[in-house]
Amino acid sequence: MNQKDEVIATLDLGTTKVTMLVAEPTETGIKVLGVGTAECEGLRKGMVISIGKAVEAIRRARHDAEQMSGCVVTEVVAGVGGPHVVGVNTHGLVTTKNAEIRKSDVERVLEAASVLSMPLDRVLMNVLPSQYVVDEHDGIKDPVGMSGVRLEVEAHLITGARTALENITKCAERSGLRVVEFVANPLASALAVLEDNERELGVVVLDLGHGCGDLTIWVHGSLLHTTVIGAGGGVITQDIATGLRTPIACAESLKVSHGAASHRMVKDGETIEVPTVGGRPDKTLSRYVMTEIIEPRMVEIFGLVRREIQKTGFEEFLAGGVVVTGGSARMPGIVELGDDVLNLPVRVGEPLHVEGLSSVLANPALSTAYGLAVYAALPHRSNIPWPMLPVRHRRSRGGVAGWLRKAAGFFF
C-alpha cells in the first residue's frame, strides 16, 4: 500500500471537502502520520455529482497527506455517507457439527445472518455482530469452545446504494487509488469518538456534517441502529444567507466565526459585519440576530434526533447520553441546546486516543476520517473478542487487505 509497512490510508468524501488520513496502528490507539484536506464541489450528501471535481479534490488531499506522512498512498479504506446508507438488524442460525462450537461455526452463522434479500441496487458494506445465542443462552460475546448444538447471532447490517459506491470507486481509480474496503460514515464517526463505557451504557452519536446528519445508537456495547437525517450544517448556512441577505460563502464564514446554537452564548452588545450582495456596503448587525436564525434550525435537527430515538424504543437505554461530532459540533451552545431538546446529557466528540498530530486531530470535523482508520485497525484491539469484530468485505488481496489478514492472524 505504501512505502511503510502496516500503514492505513483512509478517504473521507464529505459534502464540502475531501480528507485523506495516513496512520499506523499501535497497541494503544492510532498514530496519525499525515492528513490532507481539500475543498470540493463535486459531492453532495455523500453522492458524487461531478467526477472531475471530486477527482481533483482527492488528488490535492492525497498530495498533502503523502507530503506530511512520507508515504506513497495507493490503496484506501473509503467512507460512504448520505441518506442512501441504511442499517438493519438481522438474525442467523446454524446447527453445529460437533459438540463444541468452532471458529468455522461462527463464520457460518455470520454468513447466514448476512444473507439478505435486497434489491440489486444495494450493496452490503458492514456486518457487526451484536450477540451470540448458544442453545437459547443469550448475551454471549465469544461462543468458540463452548458446548452447544444450536448457534444463533444477532447482527447489524449496513447497506449503501450500488451506484454511489461505484462512483466513489471511479473517482478513486482516476486519482490513482484503489478502494480496498467501504465503511459507512456513521459507523466510522462513532468508532472515533466513543469510549468503551459509553457504548456499554447506551449512547447516541450524531455526526453533523454539511450535507446531512449521521446517527447511530449503541446499546450494551453493540450497534443497534444506523440512519441518516436529511439536515446538516449546510441548511443552517442557507438559512443565514437568506435571513441576512449575504452570499453563501460569507454565510458559512459568519457561521464558523460568530455562530451560536443558543442565544445564551451571545453577550449583549455583540455585533457582526455582514457582507451584502450587488456591491452594496457591508452592514453591522447584532450577533443575536444570527443566533435567532440558527437556534430554531438546531432545535429542528435535535427534534429529528429525538423522534428517531423514540421510534427505535431505545430511549430508556441511553445512560451515556448523546455525543455530537462533525464540523457543526464546534458551534458554541450546541451542548446546552441539545441537553434541553433531547433531555439527555450531551457532549461534543473529538477523535480519541490519537497518537501523533493530536493537535491537528482535535477537531470534530475529522472524526470520520480518523474513525475509518480505527475500523481498519480493529484486529489490533486485543480487548475485543474476535467473534465481535466486524465482518470484513475487502475488495483486493494486497495492501490494507493483506495487512488486515496478518493483523487478524494475531488473534486467530
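Between amide H atoms placed 1.01 Å from N, distances below 5 Å from LYS17 occur with CYS40, all of them 5 or more places distant or on a separate chain. The slack in the chain from LYS103 to VAL348, taken as 0.36 nm per residue of separation less the alpha-carbon distance, amounts to 84.3 nm. Rounding to the nearest 10 and keeping the result within 0 to 90°, find how far the Cα-based axis of helix 233-244 lies from the longest principal axis of the chain. Between helix and principal axis, roughly 10 degrees.
Overall, region 86-161 carries a charge dipole of about 200 debye about its Cα centre when +1 sits on the Cβ of Lys and Arg and -1 on the Cβ of Asp and Glu, all other atoms neutral. For helix 399-409, what angle does its Cα long axis make with the longest principal axis of the chain, in degrees from 0 to 90 and rounded to 10? Helix 399-409 and the main axis of the chain meet at about 50 degrees. Using the Cβ-Cβ distance between VAL72 and SER117 with R0 set to 51 Å, the FRET efficiency from 1/(1 + (r/R0)^6) comes to roughly 0.75. Between the amide H of VAL72 and those of GLN3, LYS4, distances stay under 5 Å, these residues lying 5 or more places away or on another chain, with hydrogens modeled in the peptide plane. Compared with the alpha-carbon gap, the fully stretched path from ASP196 to ILE248 is longer by 14.8 nm at 0.36 nm per residue.
Note down the net charge around TRP218, summing +1 for each Lys or Arg and -1 for each Asp or Glu among other residues with Cβ under 9 Å from its Cβ.
Charge balance near TRP218 sits at -1.
Taking a point 7 Å from the Cα of HIS263 along the Cα-to-Cβ direction, the residues of region 279-294 with backbone N closer than 16 Å to it are 286-294. Once both labels are positioned 7 Å from their Cα atoms along Cα-to-Cβ, the gap between GLU270 and GLU6 label points is 4.7 nm. Taking 0.36 nm per residue of separation and subtracting the current Cα-Cα distance, fully stretching the chain between VAL299 and ASP142 would add 52.3 nm. Taking every C-alpha pair closer than 8 Å and separated by at least 6 residues, the mean separation divided by the residue count of the chain gives a relative contact order of 19 percent. Taking the number of Cβ atoms within 10 Å of each Cβ as an exposure proxy, the fewest-first ranking of LEU215, LEU124 is LEU124, LEU215. Helices in the chain, meaning DSSP H runs of at least 4 residues, each add -39500 (n - 2.57). Divided by all residues, the mean residue ellipticity at 222 nm is -10500 deg cm²/dmol. Our coupling estimate for region 51-67, obtained by passing each phi through the Karplus curve with A = 6.51, B = -1.76, C = 1.60 and θ = phi - 60°, is 4, x, 5, 5, 4, 4, 5, 4, 4, 5, 5, 5, 4, 5, 5, 5, 5 Hz, Gly and Pro reported as x.
3J(HN,Hα) along region 97-102: 8, 10, 6, 10, 6, 10 Hz, from the Karplus curve 6.51 cos²θ - 1.76 cosθ + 1.60 with θ = phi - 60°, whole Hz, x for Gly and Pro.
Once the Cα atoms are used to define both axes, helix 367-376 deviates from the longest principal axis of the chain by about 10 degrees. When each of the peptides 339-346, 251-258 is scored by the mean number of other C-beta atoms lying within 10 Å of its residues, the order from highest to lowest reads 251-258, 339-346.
With both labels modelled 7 Å from their Cα along Cα-to-Cβ, the VAL391 to ALA362 distance reads 4.1 nm. Taking 28 Å as the straight-line reach from the Cα of LYS17, the lysines in range (excluding those fewer than 8 positions away in the same chain) are LYS4, LYS31, LYS45, LYS53, LYS170, LYS255. Backbone amide hydrogens, once placed in the peptide plane, bring MET125 within less than 5 Å of ILE158, THR159, GLY160, excluding anything fewer than 5 places away on its chain. Residues in region 44-81, backbone N under 17 Å from the label point at THR163 (7 Å along the Cα-to-beta-carbon vector): list them, ranges by number please. Zone members listed by number: 44-52, 81.
For the listed peptides 39-46, 207-214, 285-292, 10-17, a ranking on the average number of other beta carbons within 10 Å per residue, highest first, reads 207-214, 10-17, 39-46, 285-292.
Mean sequence separation of contacting Cα pairs (under 8 Å, at least six apart), scaled by the length of region 195-349, corresponds to a relative contact order of 27 percent.
Phi angles of region 311-325 translate, via the Karplus equation with coefficients 6.51, -1.76, 1.60 and θ = phi - 60°, into HN-Hα couplings of 5, 7, x, 9, 4, 7, 10, 10, 5, x, x, 10, 10, 9, 9 Hz per residue; Gly and Pro are given as x. Packing order of peptides 360-371, 140-151, 26-37, highest average first: 360-371, 26-37, 140-151 (average count of other Cβ atoms within 10 Å over each peptide's residues). With neighbour counts taken as other beta-carbon atoms within 10 Å, the residues PHE302, PHE317 rank, fewest first, as PHE317, PHE302. Panel note: the C-alpha atoms of region 195-349, placed on their principal axes, show extents of 57, 29, 23 Å (largest first).
In a shell of Cβ-Cβ distance under 11 Å around THR159, excluding THR159 itself, what net charge do Lys and Arg (+1) and Asp and Glu (-1) give?
So the environment of THR159 carries a net charge of +1.
Bear in mind that the values in this text are calculations on the coordinates, not laboratory data. Computed from a predicted model, the values in this text were never measured in an experiment. Every residue, glycine among them, receives a Cβ derived from its backbone with ideal geometry; neighbour counts consider all protein chains shown.
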